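Read through the structure below, which is laid out as structure tokens, and then see the notes.
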Amino acid sequence: MEETCNAVEAFRQDTLTPLVAPPGMSDEQQREIYRKMRLIREFDGCVKDLWKQNYIYGLAHSYICAEAIGVGACAALKPTDLITSTHRGHGHTIAKGGDPKRMMAELMGKADGYCGGKGGSMHIAAVDKGMLGATGIVGSAMPIAVGAGLTAKTLGRDMVTICFHGDGSTNQGVWHESINLAAVWHLPVIFLCENNQWAISLPYDQAANNPDVADRAKGYGIPGVTVDGFNPFAVYEAVREAAERARRGEGPTLIEAKFYRYIGHFVADDERYRDTACNVLWEQFDPLTRMSTYLVESGVATEEWIAEADEEAKAIVAAAIEFGKAAAEPEPETLYDGMYSPEFMKAQGIEL
């Protein structure tokens with residue numbers, strides 16, 4: 001418990017920053033950030049119960065307590081920009097403009113889901129919104145983001161890609177290879193590490209001798225930035241600067257958003273590996289509480305508006321749940337759809 005107290009105080013002194021809206025950000029943009037953060041909180045707040053009721057298959061990982069990162073980052077992007085995600089991708093999809101109804105249908109394995117019910121919780125992709133896909137393999141989105149960056153540079157497109165990833169992926173070989181290649185080729189990619197300080201049950205400071213992920217950027221000759229991951233404005237500013245740099249052809253940036261996962265790793269996590277009393281200490285930095293307090297105190301929103309936004313999020317998620325429950329199961333003949341290209345199947349003499 002003493003170590004936990006020290007960690008909280010260290011975060012307060014070294015990383016925590018006050019919420020101050022970036023210059024030029026309108027009141028409506030600030031309110032929209034809160035709306036999306038609240039929608040993510042409501043969406044993922046229902047996932048565990050739905051899983052317990054067998055509406056959601058497989059395992060699911062919540063984005064609760066990280067809302068400020070996904071929303072702040074995507075707010076700094078253009079609609080044509082891209083993102084890649086992790087096994088914890090519900091929040092990223094909503095932040096990029098994904099439809100909660102299609103998302104919920106996907107979690108429930110229904111045909112109306114984003115991937116026809118085949119991806120489930122850990123493999124949502126909303127390509128029409130620039131969300132190239134979540135993945136359950138740790139670190140595997142890194143080369144996908146590099147590929148998207150190479151495409152943008154080769155075709156001369158004004159397109160930046162954010163690669164969301166966790167601290168657990170930073171010791172994967174593909175993490176180093178991807179950042180190095182993006183740096184060498186000056187690709188428009190932002191590597192955004194969501195450092196929640198836990199790789200499932202392993203504390204990050206036991207996985208790396210240097211607990212600051214951003215310091216690794218020096219080895220690749222690119223900028224490394226650490227921001228308060230509970231602060232959407234801090235994330236927004238870091239991503240905005242990195243995106244401008246990328247669009248100028250100056251290459252990638254490594255951003256480390258530090259926060260703390262004060263919930264279980266996934267829906268069935270009993271958290272035996274840590275003292276859950278520490279969660280209460282970290283909840284004082286909760287991004288939703290901080291953002292709502294800021295909006296009211298700064299005069300950007302009233303308490304009544306906050307209450308209405310919260311109720312609106314509940315209504316949207318309730319409708320998404322009903323949509324998912326009522327949606328049809330995938331037809332058996334669609335089993336192989338999307339696995340291989342029609343050209344490949346034809347070359348193999350396979351007719352579906």
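The values are calculated or read from the model by the stated rules, or taken from the named source; none is laboratory data. Please read all numbers here as calculations on a predicted model, not as lab measurements. With ideal geometry, Cβ positions are generated from the backbone for all residues, glycine too; neighbour counts draw on all protein chains shown. These accessible areas exclude ligands, DNA and RNA; they are computed on the full protein's heavy atoms, side chains included. Shrake-Rupley method; radii C 1.70, N 1.55, O 1.52, S 1.80 Å.
Antiparallel DSSP bridges in the chain: what percent, to the nearest 5?
Taking every DSSP beta bridge within the chain, about 10 percent pair in antiparallel fashion.
What accessible area per residue, rounded to a whole number of Å², is obtained for the chain using a probe radius of 1.4 Å? Write out the running numbers ahead of the final one.
Numbers: 15870 Å² over 352 residues.
For the chain, the per-residue accessible area is 45 Å².
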- A correct Karplus calculation of ³J(HN,Hα) over the stretch 73-80, with 6.51 cos²θ - 1.76 cosθ + 1.60, θ = phi - 60°, whole Hz and x for Gly and Pro, returns 5, 5, 5, 8, 9, 8, x, 7
- Message: Nothing charged except the Cβ atoms of Lys and Arg (+1) and of Asp and Glu (-1): what's the magnitude of the dipole of the stretch 287-342 about its Cα centre? Round to the nearest 20 debye.
- Response: 200
- Looking at Ile137, Tyr336, Thr151, which one has the Cα that reaches farthest to the positive end of the dipole of the chain (charges on Cβ: Lys, Arg +1; Asp, Glu -1)? Thr151
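Treat every Asp and Glu Cβ in the chain as -1 and every Lys and Arg Cβ as +1, leave all other atoms uncharged, and give the resulting dipole magnitude about the Cα centre to the nearest 20 debye.
Details: 32 positive and 49 negative charges, 180 e Å.
That gives a dipole near 860 debye.
Could you check how much of the accessible area of the stretch 198-280 is carbon and sulfur, as a whole percent, using a 1.4 Å probe? Spell out each step's value before the answer.
Values: 1690 of 3520 Å².
Carbon with sulfur: 48 percent of the solvent-accessible area.
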- Item | Label point distance in nm, Ala10-Arg272, each placed 7 Å from Cα along Cα→Cβ | 2.7
- How many nm is it between the label spots at Ser201 and Glu250, if each spot is 7 Å from the Cα in line with the beta carbon? 4.5
- Label model pair Glu343, Thr151: point-to-point distance (7 angstrom along the Cα→beta-carbon line) in nm is 1.5
- Place +1 on the Cβ of every Lys and Arg and -1 on the Cβ of every Asp and Glu in the stretch 11-81, take the dipole about the Cα centre, and give the residue among Ile56, Pro79, Gln29 whose Cα lies farthest towards its positive end. Ile56
- Item | Rounded, prolate or oblate (a/c below 1.5 giving rounded, otherwise prolate when a/b exceeds b/c) for the chain by Cα gyration tensor | rounded
